[in-house]
Amino acid sequence: MHGTTIKKTITDLAAGSLADAGDDVHAATELMHIRISADMELYKLLMDPLVAQACYDKIRTVIRKERGKIWLTPRHVDDPGKRMKHMAAGNLLMFRLPTAGNKLLGQAIKEEVQAASKWYFSQGENMTIKGRWLELIADKMPRGKTVESGLTEQELRRLQDAATA
C-alpha cells in the first residue's frame, strides 16, 4: 500500500468508527482501537509512522539537551578539578545547527549558519505572534467564560490579523 491508500484506509476506519459510535469520540476511539488491534496489517500501518515520529522526537530531545549544555557551559573555569568537566561538556563550536542536518557549528559554512539563524528567528517570531494573539484574546475575554462562549470565529480571526500586523 502506498501513502495515500494507507491514509485513506485509516481515515475511512476512523470515520466509520465515529459513525458507528454515534459521533461519540470516546466510544469511537475504543471501537477503532478494537478494530485496528484485530487487524495486524492495519495496526502496523497505523503504528509504524507513530513509532518513527516517537524515535525522531526522542533523538531531537537528546540534541536539544546537548545544545543546551553547550550553550550554558561556563566561559572560564579556574579550578583545575572542574576544568576537565568543563572541557568535556563541550564548547560553542559543538553547538548543533538544526537546519544543516544537525551539523556542528564549527563545521558549518556561512550559508548553513545563515540558514540556522533564520530558522531560530522564525521560531521566535512565530511564538511571539501566537503569544500576542493569545494576549489579545485574553484581553477580550469576559471573566469566567470560555473562549467559544465569549468570542466568535470572526473575532478570533480579527485578533489573529491584529497580532500579525
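The table below lists the values:
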| quantity | calculated |
| --- | --- |
| Total lysine pairs under 29 Å (Cα atoms) in the range 95-165, excluding pairs fewer than 8 apart on one chain | 5 |
| D (Stokes-Einstein, µm²/s), Kirkwood Cα radius, the range 95-165, 1.306 mPa s at 10 °C | 109 |
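Taken together, the values in this text are just the output of simple stated rules run on the coordinates, not laboratory data. Computed from a predicted structure; not experimentally measured.
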